[in-house]
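The values are calculated or read from the model by the stated rules, or taken from the named source; none is laboratory data. The structure displayed is predicted, hence computed values, not measured ones. Cβ: placed from backbone, ideal geometry, glycine included. Neighbour counts: every protein chain shown.
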Amino acid sequence: MTAPRVFLVDDHQMFRAGVRAELGDAVDIVGEAADVESAVEGIRATDPEVVLLDVHLPGGGGKAVLETLKPERPDLVFLALSVSDAAEDVIAVIRAGARGYVTKTISSVDLAAAVTRVRDGDAVFSPRLAGFVLDAFSGEAPPEVGDPELDQLSPREREVMRLIARGYTYKEIARRLTLSVKTVETHVSAVLRKLQLSSRHELTRWATERRIV
Amino acid sequence: MSAGGWSCDHRQIMASRLHLDERLLRLPSDLARSPNDRVVAGVAGGLGGYLGVDPIAMRLALVVLSLANGLGLALYLVGWGMLPTASPGRVSHRPSPSAERTVGLGLLTIGTLLLFGQAGLLLPAGFVWAVALAAVGLGLVWARTDETNRTGGLLLRCLGGGVLLVVGLGLLFASGGALETIGQLGLAVLATGVGVSLLLGPWILRLWRDLGVERRQRIRSEERSEIAAHLHDSVLQTLALIQRADAPGRARTLARRQERELRAWLFDERPPDGVDGIASLAASLERVVTEVEDQHDVEVDLVVVGECPLEPRLDALVAAVREATLNAARHAGVDDVSVYVEVEAEKVTAYVRDRGQGFVPDEVEPGRVGVRESIIGRMARHGGRAEVHSNPGGGTEVVLEVGRTPEREPSA
C-alpha cells in the first residue's frame, strides 16, 4: 500500500513544519497552504488524496475550502484538524463534508493512521466527537420533519459510539462486539452520514446550547 | 506570564471600557428610588436621601406642592419613571438629614405655593380631587413591574388605571364651574394630553433603559469573541504545539492544563463551580480529572455526554471516578487514560479505561484498598455498582453505575 498523498492546510507555519517532520515517511506531503485561497489553488494543482484541513483559517475557515472543492472533486477526502474542540466547529466541518475530525494534540502515530483510514474511505471519530454525536442524538427522534432513519442512531451504532467515547480503537471494538473491523467501520460511516444529512434540530441547536445546561 | 494572567488583564480592560459606557447611560448613581424607605414607590425616600432632607418632609412638600396645579404630583411621577430602584446593599455617601436643609425645602415649598397663588393658579378643591383620582389611576398603570414580572398583571393595571384616569378627567370636565374660575379650557386639554403621555411614558422609558442594557451586553459579547478569536489563533495553537513536541512531561502537562483553562474561559460561559452555585456533574468531573493530570504525568481524555446537577450519590460516583483514574495513572504504566461518563434519565454510568499492564482482579494484594474500598465499597454504599475488568497485559476498565433523581419539570 502506498503512502497517502496529503495536502496540509494550516495557517501556522510551525504547526505545518511539525506535522511534516512527524509524519515523515508515513505519508507523502505534496503541498501546503496557509489560507483558503492558496489552499484551493494548491489542491487543484497537486491533486492529493487527503487534505488535512485546519478548521480556523484566514479567508473563511476550513469550511470554505470544503465548500469550494467538494462539488468539483467529490472523491477528495478531508480530515479536519483543529486545536478547538468546541462543538460548533466540529459539527460545521463534518456537515460540510469532512470524513473525520481530530484535535491537534493527537499523537503522530494516530494521525498517520487516521489519514490512511480516511483515504481508504472510512470515517475517523475521536472520543470527543463520539461524545458530541451521542449528545446530539440523545432522546427521541423528532416526530416532525425529516427522515426518521436519519434522525436517530440504531442501537448498534449507539453502542459503537459509546465504545469510541470510552477510548476503544476500531479493532478493540470489533473484538468486543465480535464483529469484523470492516463492520465497525461501516457503522461509523453510517453515523457520519447521519451526522451530515440528519435534519435533527438538535444538531444545530445543541451546538450552541449544550454547554449551557 | 501565563495565558491565564494575560486573559485576566483583558477582562479588566473590558470592564473599564464597559464602565465608561454605563456612565453615559445613567443618572447620578446616588439618585435612585429607595427600596426600603417607601410609601408609594420610594421616590420621596430616595430624593430625600439624596438631598439630605428627612423623607417625611419631602413627602409633605410634595403633597403641598400638588396644590400648586399638581406640581408636586407631577414631580413625583417624573421621579417614579426616571429613577431606578437602588440596590438594597449599595453603599452610598449621602448627606445625613439636616434641619437646615429641611427648613430650606419648606421655604422653597411655601414660596412656590405663594407664587402660584399670586398667579391665581392654586387649585380649587374639586380639581384637587379629580387630579388625585387620576393620579391613583396613573399610579396603577405606572407601577413599575419588576424586570422579571413584566407582563403578568400589566393588562389588569392598565385597565384599572385607564378607568380611573377617565373618571378623574370626567370629574374635571363635569366641574365646569371649576374650569370657569381657572378660566382656562386649555388647562383641561393640557391635562388630558399630559395624562395620555404619562400613560405611554413608562413604556418609552423602560424601552430606553432595556436598550442600554442590551447594548452593554452586546458590546461585552463582541469584545469577548474578538479576544477569543485572537487567543485561539495564538496561545491555544502554541499550547497544542508544546503538547505535540517532545517536551518534558511536566511542560506537556502544564501546557495541557493551561489549554484546558483557557478554553473553558473562552468558550464556556459557565462558571467552574456550576450554574447558580449548584455544582454540575461535568464541572466536578473536569476538576477531578485536571487534578489527577496535574499530580501524575498522564493525559486524561474526558468525555461527558449529558449533564445534571450534583447530588450525594453522584458525589460518590465522582469520587470513585477519581480513585479509578488515580489507580490507572499510578499503576497502569501508560501516558493516557480515557474517562467516559454518560448521564441518562435514571442513572449515570462512568467508564475509566487504560491500555496499561492490567492485573488479575482476584489477586489484588490486601494492601491495595483503593479498588475494594474506595471504588466498589463506595458505590455499593450509595446503591450503585462497580465492576473492574482487567487482565495482565490487556489494560483495565472500571465501570461505575449509580441511579439518579430524575429531573423534575422546570416549572415545579
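The table that follows gives values for the structure above.
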read-out: Total residues in segment B:204-236, condition β-branched (V, I, T), without any contact (Cβ under 8 Å) to a residue 60 or more places away in the chain and within 14 Å of chain A (Cβ to nearest Cβ); value: 0
read-out: Residues within segment B:306-321 that are in contact with a strand residue (DSSP E or B) (Cβ under 8 Å, 6 or more places away or on another chain) and either at pLDDT 90 or above or part of a helix (DSSP H, G or I) (or both), tallied; value: 6
read-out: Filtered residues of segment A:158-185 (kept if under 17 Å from A:Y101 (Cβ atoms), of a type outside the set (S, T, Y) and away from every other protein chain (no Cβ under 12 Å)); value: A:V160, A:E185
read-out: Any chance B:A251 is part of a helix (DSSP H, G or I), surrounded by fewer than 17 Cβ atoms within 10 Å (Cβ to Cβ), more than 8 Å from chain A (Cβ to nearest Cβ) and modelled with pLDDT of 70 or more; value: yes
read-out: Qualifying residue in segment A:152-170 (condition: under 18 Å from B:G306 (Cα atoms), modelled with pLDDT under 85, out of contact with any helix residue (DSSP H, G or I) (no Cβ under 7 Å at 6 or more places or on another chain) and surrounded by fewer than 22 Cβ atoms within 10 Å (Cβ to Cβ)); value: yes
read-out: Pairs where the first residue, in segment B:266-290, is in a loop (DSSP other than H, G, I, E, B) and the second is modelled with pLDDT under 50, C-beta under 7 Å, 6+ apart; value: B:D268/A:R211; B:E269/A:I212; B:R270/A:R211; B:R270/A:I212; B:A279/B:D273
read-out: Output for segment A:93-133, where each listed residue is more than 14 Å from every other protein chain (Cβ to nearest Cβ) and touching a helix residue (DSSP H, G or I) at 6+ places or on another chain (Cβ under 7 Å); value: A:V93, A:I94, A:R95, A:A96, A:G97, A:A98, A:R99, A:G100, A:D122, A:A123, A:V124
read-out: So A:G31, is it small (G, A, S), touching a residue at least 24 places away in the same chain (Cβ under 8 Å) and surrounded by fewer than 16 Cβ atoms within 10 Å (Cβ to Cβ); value: no
read-out: Segment B:237-246, subset within 15 Å of A:I106 (Cβ to Cβ) and at pLDDT 75 or above, residue farthest from the other protein chains (Cβ to nearest Cβ); value: B:I242
read-out: Qualifying residue in segment A:76-83 (condition: surrounded by fewer than 20 Cβ atoms within 10 Å (Cβ to Cβ), within 14 Å of chain B (Cβ to nearest Cβ), modelled with pLDDT under 90 and not in a strand (DSSP E or B)); value: no
read-out: Qualifying residue in segment B:42-54 (condition: part of a loop (DSSP other than H, G, I, E, B), in contact with a strand residue (DSSP E or B) (Cβ under 9 Å, 6 or more places away or on another chain) and at pLDDT 75 or above); value: yes
read-out: Unmet requirement for A:V51, which otherwise passes all of (1) on the phi < 0 side of the Ramachandran plot; (2) within 14 Å of another protein chain (Cβ to nearest Cβ); (3) not charged (D, E, K, R); value: (2)
read-out: Residue list for segment B:204-220, filter: loosely packed, with under 12 Cβ neighbours inside 10 Å and either farther than 27 Å from B:G81 by Cα or not acidic (D, E) (or both); value: B:I204, B:L207, B:W208, B:L211, B:Q217, B:R218
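Listed here are the residues, each with its yes/no results for (1) within 14 Å of chain B (Cβ to nearest Cβ); (2) at pLDDT 90 or above; (3) surrounded by 16 or more Cβ atoms within 10 Å (Cβ to Cβ); (4) on the phi > 0 side of the Ramachandran plot.
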| residue | (1), (2), (3), (4) |
| --- | --- |
| A:H187 | no, yes, yes, no |
| A:L197 | no, no, no, no |
| A:H201 | no, no, no, no |
| A:R210 | yes, no, yes, no |
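A quick yes/no check of all residues on (1) within 14 Å of chain A (Cβ to nearest Cβ); (2) of a type outside the set (S, T, N, Q); (3) in contact with a Leu (Cβ under 6 Å, 6 or more places away or on another chain):
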| site | (1), (2), (3) |
| --- | --- |
| B:E299 | yes, yes, no |
| B:V303 | yes, yes, no |
| B:E311 | no, yes, no |
| B:D315 | no, yes, no |
| B:V321 | yes, yes, no |
| B:A324 | yes, yes, no |
| B:N327 | no, no, no |
| B:H331 | no, yes, no |
| B:D335 | yes, yes, no |
